[in-house]
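Undergrad: Take a look at the following structure, please.
Coordinate-derived values only; no laboratory data. None of the values given here were measured: they were computed from a predicted structure. As a convention, Cβ positions derive from the backbone with ideal geometry for all residues, glycine included, and neighbour counts pool all protein chains shown.
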DNA sequence: CCTGCCTACGTTACCGGTAAACCTGACAGA
DNA sequence: TCTGTCAGGTTTACCGGTAACGTAGGCAGG
């Protein structure tokens, strides 16, 4: 990268400050000067140096950091998409990272990213290391916590309640006459948000006097196979379940495949419910009962909340983006 | 962010250069000085400023940019994951962007990112705007083109041949006795890599004397619904097909759902083949015939090729990561 | 004792922008 | 004619690091 403002300034016969103003679209120069400077910049193949700009202008960078649990998650891919579309339209660049459901990994990532002095950060989840929270408060940069709602965010929060999702599904299944429910999860207890859904589910069932009969928490990544084997394991331990709630839709579909292979009729013999609202869930031979999460909307709202804060516009600290329970034909 | 090297230097009674050396783990200071500096840095809550470091050290940044067609693609989510794991382990940070299958959007993104003076870039696809190529050559930074292999990369290439994927599937289906093949695609012609698979497929069929009977290129995003409606449309135009090749597995599964709903027996009445190797494809009632793409391996190889180049290690310019056709029960 | 070399630092210049202050000529109004 | 204002610039300082180079003191070898 060769040409800088100085080079353009010399070639155009002006000072580099004038070049800076022209190229950033400011004022204080004649039309003639503007055209000349632009032409020279173009001919020299000038590429602005955001490193120097952000550094010189006292860290007014256009970088935004975002940390998700896993990059292979379809739902987070959609959130990422929502964030990226909103941010790139507004001239920001997105640095990403994955924390693998570990707050320690999240903290390591945050330390790396904060040292780039980003304009703001988007984190997923409401659970963080104390050191992470201290660091972010001290840094004083806008932070949006997404996915799991919290009433006392570090700064801002956009999402919904996982506990409520679980409770709502529990109540729905009870209304459908289910009385002996099981649960199949993944990632053991590392995924606190999946755990929150289980907590809500369990509480709703217990309150109605039909407590959760059995649950199976796999160590695996949530996926089709995990759902399949999870249901197999659960049923090998406890035969007389009448419905199973899964960690997410992928796993529920895996469960559905297992039931079909074993001749278990769904929903007659066994109800199946998922969570997340993946597209495939609505195209199966039997539409999956699930909770649809407005992923892209969450991403968009998070990005917009961040940018509003950066521009000093008053925005609300907590944005609730409601999920929608979609009764299907499986439970 | 308050404390900088100067503050630490004053508090520790040394020069800021010594602080810099200590904190970066260099040499040229006593154990006593090291301990004192570290303690002061810790107590002041010092957070390094990579902006200043990258700028001062003549743009030796640890940022790597990566541009994918769509962030909502499951396959690219896996590639991203492979890249992120490899890079974060080596101390790099990942800036991402989506080009929506448009080389113009890609160029706009590249211009933004290059102005951050990243250590390197990862692009998807071999097709770029001339201006993009010029810019990258001039910038002289390492560039890895992934996904679609090219023998004349801008710099390096990691991937496989989409044309060969299509041809291989065509040959496989011919060996299985299929003679009247159709194709269902998406994104119209915007996705040049999907188009390349179709080209290879078409050529293989033509060469064997059983040319492609019909194809349906939707404008939609590739997904389950697109596959479902695509097959419906294709069959409404051309009844007597004996196999349909889909843009990817999601669409093939959508097609499978359509066939099932209409009582079309798979594979007896109609064969169905996909591409990509998504996990769900192997768990369906009938295992999908598809091409498995080693997504994570591609991401990892791309990141490692990039870092090898940065370290001046001799690496090969073109890395072939072979795909694997997996005959299933659907074609 | 002098020289050379090593350790453990300190000093200075510089990266490429941006903000803020300063400058200058032309022109208007009193 | 003098003064004020404005357009259209220029100059200077600075952001927080890093590289390159300078240097004081101690110690060994000849």
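Undergrad: Taking a label point 7 Å out from Cα toward Cβ, give me the nm distances from residue A:34 to the same spot in the other copies, shortest first, one decimal.
TA: Reported distances to equivalent positions: 5.8 nm.
Undergrad: Taking each residue in A:43-49, count the Cβ atoms of any other chain within 10 Å of its Cβ, then average. What number comes out?
TA: 3
Undergrad: Within a 10 angstrom radius of each residue's Cβ in B:117-125, how many Cβ atoms of other chains show up on average? Whole number is fine.
TA: 1
Undergrad: Under the classification rounded if a/c is under 1.5, otherwise prolate if a/b is larger than b/c and oblate if not, where does the range A:162-292 fall, given a ≥ b ≥ c as square roots of the Cα gyration tensor eigenvalues?
TA: Values: a/c = 1.24, a/b = 1.11, b/c = 1.12.
Here the range A:162-292 falls in the rounded category.
Undergrad: For the protein assembly as shown, give me the percentage of DSSP beta bridges that are antiparallel, rounded to the nearest 5 percent.
TA: Roughly 10 percent of the DSSP beta bridges within the protein assembly as shown come out antiparallel.
Undergrad: Does anyone have the angle between helix B:162-175 and the longest principal axis of chain B? Alpha-carbon axes, 0 to 90°, nearest 10?
TA: 30
Undergrad: Take the alpha carbon gyration tensor of the range B:244-302, find the square roots of its eigenvalues, order them as a ≥ b ≥ c, and report rounded if a/c is under 1.5; if not, report prolate when a/b exceeds b/c, else oblate.
TA: prolate
Undergrad: Give or take rounding to whole Å, what are the principal axis extents of the alpha carbon atoms in the range B:197-242, in descending order?
TA: So the extents along the principal axes, rounded to whole Å, are 32, 23, 14.
Undergrad: Continuing with the same structure: What's the FRET efficiency of residue A:24 with residue B:129 using the Cβ-Cβ distance as r and R₀ = 25 Å, to the nearest 0.05?
TA: For residue A:24 and residue B:129, the calculated efficiency is 0.55.
Undergrad: For the range B:232-331, compute Rh as the Kirkwood radius over C-alpha pairs and then the Stokes-Einstein diffusion coefficient at 10 °C and 1.306 mPa s; write the answer in µm²/s, rounded to an integer.
TA: This corresponds to a translational diffusion coefficient of 103 µm²/s.
Undergrad: Label the range A:156-201 by shape, choosing from rounded, prolate and oblate, from the square roots a ≥ b ≥ c of the eigenvalues of the Cα gyration tensor; if a/c is under 1.5 it is rounded, and otherwise prolate applies when a/b is larger than b/c, oblate when it is not.
TA: The shape class here is oblate.
Undergrad: Another question about this same structure. For chain A, take the alpha-carbon Rg, divide it by the Kirkwood Rh, and send me Rg/Rh.
TA: Radius of gyration relative to Kirkwood radius: 1.14.
Undergrad: Please determine, in degrees from 0 to 90 and to the nearest 10, the orientation of helix A:103-114 with respect to the longest principal axis defined by the Cα atoms of chain A, where the helix direction is its Cα long axis.
TA: 10
Undergrad: Over chain A, what is the percentage of antiparallel beta bridges among all DSSP beta bridges, to the nearest 5?
TA: Numbers: 3 of 38 bridges.
DSSP beta bridges in chain A are roughly 10 percent antiparallel.
Undergrad: Taking N as the number of residues in the range B:8-83, what is its alpha-carbon radius of gyration divided by 2.2 N^0.38 Å?
TA: Cα-based Rg divided by the globular estimate yields 1.65.
Undergrad: What angle do you read, to the nearest 10 degrees and between 0 and 90, between the alpha-carbon axis of helix A:249-262 and the longest principal axis of chain A?
TA: Helix A:249-262 sits at roughly 30 degrees to that axis.
Undergrad: How big is Rg to Rh over the range B:212-263, alpha-carbon atoms, Rh as the Kirkwood inverse-mean-distance radius?
TA: With Rg and the Kirkwood Rh in hand, the quotient comes to 0.92.
Undergrad: Would you compute, from DSSP H runs of 4+ residues alone, the mean residue ellipticity of the protein assembly as shown at 222 nm, taking -39500 (n - 2.57) per run and dividing by the full residue count, rounded to the nearest 500?
TA: The helix-only estimate for the protein assembly as shown comes to -14000 deg cm²/dmol at 222 nm.
Undergrad: Which one of B:65, B:28, B:271 has the biggest mean-square fluctuation once chain B is modelled by GNM with Cα springs under 10 Å?
TA: B:28
Undergrad: Then there's this: Evaluate peptide A:79-92: per residue, the Cβ atoms of other protein chains within 10 Å of its Cβ; return the mean as an integer.
TA: Mean shielding by partner chains, rounded to a whole number: 2.
Undergrad: Over the alpha carbons of the protein assembly as shown, what is the largest minus smallest coordinate on each principal axis, giving the biggest first in Å?
TA: Sorted from largest, the Cα extents of the protein assembly as shown read 76, 68, 50 Å.
Undergrad: Mind checking which of B:181, B:108, B:226 has the largest fluctuation in a GNM of chain B, springs on alpha carbons under 10 Å?
TA: B:108
Undergrad: While we're looking at this one, here's another question. Please report, to one decimal in angstroms, the Kirkwood hydrodynamic radius of the range A:53-141 built from all distinct Cα-Cα pairs.
TA: 13.5
Undergrad: Whole Å is fine, so just give me how far the alpha carbon centre of the range A:293-331 lies from that of the range B:131-203.
TA: The range A:293-331 and the range B:131-203 have Cα centres separated by 37 Å.
Undergrad: Kirkwood Rh, the range B:5-48, all Cα pairs: how many Å?
TA: For the range B:5-48, the Kirkwood estimate is 9.9 Å.
Undergrad: Simple spin-label model, 7 Å along Cα-to-Cβ: residue A:264 to residue A:44 in nm?
TA: My value for the distance between the label points is 7.1 nm.
Undergrad: Expressed as cubic angstrom per residue, what is the convex hull volume of the alpha carbon set of the range B:84-224?
TA: On the way: hull volume 19.8 nm³, N = 141.
Considering the Cα atoms of the range B:84-224, their hull volume per residue is 141 Å³.
Undergrad: Okay, next question. Please build a GNM for chain B, connecting alpha carbons under 10 Å apart, and tell me which residue among B:288, B:310, B:149 fluctuates the most.
TA: Top of the fluctuation ranking is B:310.
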